[in-house]
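The next block holds one structure in the form of structure tokens; read it before the comments.
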């Protein structure tokens, strides 16, 4: 197992802005649905001795690091190993409904991203795993690239990575596979993409970035579970409770925006449909007219925060 102490003091993204929306200093129960290294939870717990937190994360390595960080708060923190999509079931099982606030930071934990063995980053040569819960038994990125058709791989990279060279990348992956040389490591995939896409002088990101993002999303079913998570979260919030979401790419942010609009009573059906079928009903008030983004100072101190967007809503009924 890798050493876990190096990132224990990791600073969470948009911390001040998130706390101003959640207002944990008033006390109450909060659910940190993506506990990560515990940075948000630490500040929430530290804001009032009457504040409690249920932390949820599916990665046991991350939980181990967060547990050490949050140990001083004793029984005011309870950690559950699960996917954030199970939030309603967890609240019911713990008999702790009606939280004052729910937070989810949908970015990859720095501990995961900086891991030399998990396959999230092409900075290290590692097996292409990418599972946030390595005990889940779900497909790894290697298995996806070994079993999907060229068209399926291309569609996956295009849809989840918004990569305009998705078909060319998929073709090269399948050609290599046909030669008996499957893509099994981060270095193999990154080098293949570098050879396939010419990096322009103005490009700010590595050519493999979007493909790695797409595979991570596919492996962990990240987009599929967001809508249900948002709906369930609003359902278990107390009246006046706040749900705050931090996203890191446009696909996630678009889903959050649309679900918030629907929950705020705005019909999102196509204009030609004669009757609303999207189920729009005014259950929440949207607190962020536009997404809150990091300041220039935060981006300078933490470059990974540059794509973060924060949206929040308050339950009305």
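The values are calculated or read from the model by the stated rules, or taken from the named source; none is laboratory data. Note that the structure is a prediction, hence the values are computed from the model and not measured. Here the Cβ positions follow ideal geometry from the backbone for every residue, glycine too, while neighbour counts run over all protein chains shown.
One table, with the values for the structure above:
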| read-out | value |
| --- | --- |
| Residue within the stretch 127-147 that is more than 24 Å from the chain's Cα centre (by Cα) and more than 16 Å from residue 223 (Cβ to Cβ) present | yes |
| Sole exception among (1) at pLDDT 95 or above; (2) buried (at least 20 other Cβ atoms within 10 Å of the Cβ) for residue 15, by number | (2) |
| Per-region count, the stretch 285-317, residues touching a residue at least 12 places away in the same chain (Cβ under 8 Å), out of contact with any strand residue (DSSP E or B) (no Cβ under 7 Å at 6 or more places or on another chain) and outside any helix (DSSP H, G or I) | 3 |
| Count of the stretch 166-194 residues which are farther than 17 Å from residue 154 by Cβ, part of a helix (DSSP H, G or I) and touching a helix residue (DSSP H, G or I) at 6+ places or on another chain (Cβ under 9 Å) | 3 |
| Residues of the stretch 227-251 that turn out to be assigned to a helix (DSSP H, G or I), surrounded by fewer than 21 Cβ atoms within 10 Å (Cβ to Cβ) and under 15 Å from the mean Cα position of the chain (by Cα), as a count | 4 |
| Residue within the stretch 267-284 that is surrounded by 22 or more Cβ atoms within 10 Å (Cβ to Cβ) and either without any contact (Cβ under 8 Å) to a residue 12 or more places away in the chain or in contact with a helix residue (DSSP H, G or I) (Cβ under 7 Å, 6 or more places away or on another chain) (or both) present | yes |
| Looking only at the stretch 207-221, and only at residues there that are assigned to a loop (DSSP other than H, G, I, E, B) and surrounded by fewer than 21 Cβ atoms within 10 Å (Cβ to Cβ), the one that is modelled with the lowest pLDDT | 221 |
| Options 122, 165, 113; residue that is at pLDDT 95 or above and within 29 Å of residue 309 (Cβ to Cβ) | 165 |
